[in-house]
Amino acid sequence: MPLHPVRINRATAWAAFVALALLMSAGAAWSQAAPSPAARRDAVEALFPPWQGEANNDAAKKGVLFTVPPIDVLADFHGSIDHPALVLFVGGNYFFAMAPLVAEFGRIHPQYAGKVFYETLPPGILEAQMRAGGTITCGNMTLTVKPDVYLAGLRKVREMLNAGLLTGAPVPYVTNNLTIMVPAGNPAHIAGLADLGRPDLALVMPNPQFEGVARQIRSSLVKAGGETLANAVYDTKVKDGTTILTRIHHRQTPLFLMEGLGQAGVTWTSEAIFQEQAGHKIAHVAIPDAQNTSAIYAAALVKQAAHAEVAKAWLAFIRSDAALDIFQRYGFKRYVGPSGG
């Protein structure tokens, strides 16, 4: 599916970003004196959620460490593509759980420790990469890597199975539900989904074009305020510029809220819990069960996977108590429905 890059005046955007960084960065004290260039740089970098200091990379030999936010960062590509034992394409909204999951998998199967490569991108982008033969370009880097396991929502996994990209039965493992992510302190005083239709409210929302969560969000908006509310958020406010559509919501939503570009965004509850646990200036407003929408996370073997036996070991691991213990740290719940979806 085609992607449509946002074209902006870079000089204007950068100036606005620096100004916002000075106001919003954690611990920065505002004063009448202009901050030094070094302080402005630190403020800009402080706004970026930490990239875990290469900790979300299980490669045994990392070589030179060179991560410079916001200039040289590949946050959703993890590990080494040099002869991996297992390649995972993972819907990115639980990127934060993947490092401990991969580490635990390596503890149980030490022969694979340090040999897992995984991407945490929106499911639609991962599908496009698979259809492109595993080739993707990010900035000035192009790489080709073919997955062994595809992990996303159960509905998407079934679609991929029907399309012939995956094989076998889907393996569902945990569930999640939605919440409203807001800046710490909830300065816009958002009480629920109905407030998202306010004309003055700046929103950051997943793009329906390739982020599957947008379908669940729209369903919840309809429950809370009918088609009027859903159309206000995903049509009227998009057209007038008060709704920003993300291209990778699990990174952009919390970042944009911390930058002051938005006042709210609907995400999975686990994403908000992670941001709060990490100490970022993020909070969330719970959505009542009657208006909420749940997701079932599932995985399946990729057709003609190069590492099929290791992939099967991962599919068994992802449903294990050891994996569930990690998921539960972020509010996920065990899937208790029928095996195979």
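The values are calculated or read from the model by the stated rules, or taken from the named source; none is laboratory data. What you are looking at is a predicted structure, and each value in this text was computed from that prediction instead of being measured. FYI the Cβ positions are ideal-geometry reconstructions off the backbone, even for glycines, and counts take in every protein chain you see.
Listed values, structure above:
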item: Selection from region 184-200 of residues that are part of a loop (DSSP other than H, G, I, E, B) and either small (Gly, Ala, Ser) or touching a helix residue (DSSP H, G or I) at 6+ places or on another chain (Cβ under 6 Å) (or both); result: ALA184, GLY185, ALA188, ALA191, GLY192
item: Boolean, TYR330 is at pLDDT 95 or above, aromatic (Phe, Trp, Tyr) and assigned to a loop (DSSP other than H, G, I, E, B); result: yes
item: Qualifying residue in region 113-133 (condition: basic (Lys, Arg) and surrounded by 18 or more Cβ atoms within 10 Å (Cβ to Cβ)); result: yes
item: Neighbours by Cβ (under 6 Å, 6+ apart or cross-chain): first from region 133-157, among the small types (Gly, Ala, Ser); second in a strand (DSSP E or B); result: GLY134/THR144; ALA152/GLY91; GLY153/ALA295
item: Qualifying positions in region 166-177 - in contact with a helix residue (DSSP H, G or I) (Cβ under 6 Å, 6 or more places away or on another chain) and either of a type in the set (A, V, I, L, M) or crowded, with 21+ Cβ neighbours inside 10 Å (or both); result: LEU166, PRO170, VAL171, PRO172, VAL174, ASN176
item: Set ALA55, ALA97: member being surrounded by 19 or more Cβ atoms within 10 Å (Cβ to Cβ), out of contact with any strand residue (DSSP E or B) (no Cβ under 9 Å at 6 or more places or on another chain) and of a type outside the set (Lys, Arg); result: ALA97
item: Conditions (1) of a type in the set (D, E, K, R); (2) closer than 14 Å to ALA97 by Cα; (3) over 17 Å from the mean Cα position of the chain (by Cα): number failed by LYS239; result: (2)
item: Residue among GLU271, GLU227 that is acidic (Asp, Glu), at pLDDT 95 or above and surrounded by 17 or more Cβ atoms within 10 Å (Cβ to Cβ); result: GLU271
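Matching residues to (1) small (Gly, Ala, Ser); (2) over 30 Å from GLY212 (Cα atoms); (3) modelled with pLDDT of 75 or more:
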position	(1), (2), (3)
VAL6	no, no, no
PRO35	no, yes, yes
PHE48	no, no, no
ASN56	no, no, yes
ALA75	yes, no, yes
HIS78	no, no, yes
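Every residue, every condition in (1) buried (at least 19 other Cβ atoms within 10 Å of the Cβ); (2) among the small types (Gly, Ala, Ser); (3) modelled with pLDDT of 95 or more, yes or no:
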{"residue": "LEU301", "(1), (2), (3)": "yes, no, yes"}
{"residue": "ALA316", "(1), (2), (3)": "no, yes, yes"}
{"residue": "TYR335", "(1), (2), (3)": "yes, no, yes"}
{"residue": "GLY340", "(1), (2), (3)": "no, yes, no"}
